[in-house]
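Written out below as structure tokens is the structure these notes cover.
The values are calculated or read from the model by the stated rules, or taken from the named source; none is laboratory data. What you see is a predicted model, and the numbers here were worked out from it, not measured in a lab. Every residue, glycine among them, receives a Cβ derived from its backbone with ideal geometry; neighbour counts consider all protein chains shown.
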Amino acid sequence: MPMSQDSILAGKCYRTPEEEMRQVTAIDQNEVVFTSVSSTHGVGLISKAADKRLSLARFAEEAESEVQEKR
């Protein structure tokens, strides 16, 4: 089930059903600008791909849940 478009916010991370982590960097005129984020195997480093853009509706369809920060 798609997430609510209102719940997609810049600065938050979202997980897709395929386990892709997407960090939203901006929302620009109904487009979501995001990077795919992955952690390396146990080293504690995070790698990011180049920025991507999707319509807000499509991003919400593909997002399964918000990823909460660990504190």
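List of remarks:
- Qualifying residue in region 31-50 (condition: exposed (fewer than 13 other Cβ atoms within 10 Å of the Cβ), among the charged types (D, E, K, R), in a strand (DSSP E or B) and at pLDDT 90 or above): no
- For region 10-32, a tally of residues being of a type outside the set (D, E, K, R) and either under 10 Å from L56 (Cα atoms) or in contact with a Lys or Arg (Cβ under 8 Å, 6 or more places away or on another chain) (or both) returns 10.
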